[in-house]
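The values are calculated or read from the model by the stated rules, or taken from the named source; none is laboratory data. What you are looking at is a predicted structure, and each value in this text was computed from that prediction instead of being measured. Reconstructed Cβ throughout: ideal geometry from the backbone, glycine too, with neighbour counts over all protein chains shown. Just the protein is used for accessible areas: all its heavy atoms, side chains included, with ligands, DNA and RNA removed. Shrake-Rupley method; radii C 1.70, N 1.55, O 1.52, S 1.80 Å.
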Amino acid sequence: MIKRKPHWLKSNKLGARKSGMIRSKMHKYHLHTVCESAKCPNQGECFERGTATFMILGEICTRNCTFCAVRKDKKNIKPPAPDEPKNIALVARELNLKHIVITTVTRDDLPDGGANQFAETISEIRKICEQKPTIEVLISDLQGKNENLEIIFKAKPDVINHNLETVPRLYPKVRPMANYQRSLKVLQTAQEAGFLTKSGIMLGLGEKKEEVLELMADLRNVKTKVMTIGQYMQPSKDHFPVVEYVHPEVFSKYRKIGLKMGFKLLESAPLVRSSYHAEKVRPLIEKS
Ligand code: SF4
């Protein structure tokens with residue numbers, strides 16, 4: 001039985017008209033958005049703000065995070081689509097997007113973990129989009145293989161995002177195939193390579209306040225400047241149960257504390273997701 005949602009989790013209907021138009025364009029080019037597959041409550045608003053998140057490398061993941069709605073039937077997994085990078089660039093140009101987020105399922109089945117598909121997508125966008133959008137990549141941990149991270153670094157995205165999702169104590173139940181230290185290492189390696197880095201977590205999975213503050217300190221220790229904190233919402237009764245709907249005041253407290261810790265941009269509220277208001281990072285890109 002899924003816990004009843006409090007009033008502050010009602011998603012806004014902003015941009016419903018525009019999101020319909022965008023959905024039809026995505027489907028015309030056989031593209032996926034994580035917005036749809038993860039049932040994100042902010043779809044309309046993001047599209048209205050000229051931001052969209054493209055999901056590359058298909059809809060089937062090789063991992064089994066218990067909070068995630070993405071499909072996991074590996075036997076139906078497909079090789080990377082050769083025309084996907086160009087199609088994303090064409091849609092981004094048609095929609096005149098200013099900030100593009102490219103995310104992915106985790107493809108442990110591919111030797112490069114999907115890094116080349118990211119690189120090609122970035123270079124197609126740079127080639128085709130005259131509006132010169134900024135590009136944020138939300139990557140998996142690429143199994144911590146530096147040679148695969150290097151492929152993405154060479155393509156020079158503007159922001160490298162990798163989510164910690166939750167506190168280390170909950171990893172065995174929530175992200176059993178991930179590793180907290182490995183994920184921190186991915187962010188550290190990207191930052192040391194000169195990239196603006198970003199990470200995100202969900203609340204409401206049973207984490208304690210001290211654990212969240214420790215995680216935020218870990219992110220600052222690897223010089224992560226951008227963070228998102230949102231409420232976990234159980235996709236179905238078969239997913240990890242919501243332990244708590246955290247009050248909006250708690251989110252604002254974490255934001256205040258985080259900005260004091262040195263985060264330059266910290267979006268923290270129940271409906272926040274990794275790419276929510278992602279375009280707000282643009283001034284930081286210009287500065288970095
Ligand atoms: S790795 Fe990402 S896409 Fe795959 S199950 Fe976990 S959260 Fe979902």
Set of lysines near K156 by C-alpha distance (under 23 Å), chain-local residues within fewer than 8 positions excluded: K86, K98, K127, K132, K145, K185, K198, K223, K225, K264, K280, K287
Calc'd 3J(HN,Hα), the stretch 165-172, phi into Karplus 6.51 cos²θ - 1.76 cosθ + 1.60 (θ = phi - 60°), Hz, glycine/Pro = x, comes to 6, 7, 7, x, 4, 8, 3, x
First compute the accessible area of the stretch 7-287 with a 1.4 Å probe, then give the percent of it belonging to carbon and sulfur atoms. 55 percent
To the nearest Å, what is the center-to-center distance of the stretch 103-157 and the stretch 48-68, using C-alpha atoms only? 14 Å
For T33, enumerate residues with amide H under 5 Å from its amide H, sequence gap 5+ or separate chain, H modeled in the peptide plane. M55
Please give every one of the aspartates and glutamates within straight-line cross-link reach of K3, meaning a C-alpha to C-alpha distance under 19 Å, and leave out same-chain neighbours fewer than 8 residues apart. E207, D238, E244
Note to self: with every protein chain in place and a 1.4 Å probe, the chain gives an accessible area per residue in Å² of 45 Å²
As a check on your grasp of the helix formula, calculate [θ] at 222 nm for the chain: sum -39500 (n - 2.57) over DSSP H runs of n ≥ 4, divide by the residue count, round to the nearest 500. -11000 deg cm²/dmol
List, in order, the whole-Hz ³J(HN,Hα) value for each residue of the stretch 126-135 obtained from phi through the Karplus relation with A = 6.51, B = -1.76, C = 1.60 and θ = phi - 60°; use x for Gly and Pro. 4, 6, 8, 8, 5, 6, 6, x, 7, 10
Select from V186, T33, P248 the residue farthest towards the positive end of the dipole of the stretch 7-287; place +1 on Cβ of Lys and Arg, -1 on Cβ of Asp and Glu, and compute about the Cα centre. P248
HN-Hα J couplings of the stretch 146-160 from phi, Karplus 6.51/-1.76/1.60, θ = phi - 60°, integer Hz, Gly and Pro as x? 4, 4, 7, 4, 4, 4, 6, 4, 4, 7, 6, x, 8, 9, 10
Given H placed 1.01 Å from N in the peptide plane, which residues other than close sequence neighbours of R71 have an amide H under 5 Å from its amide H? C61
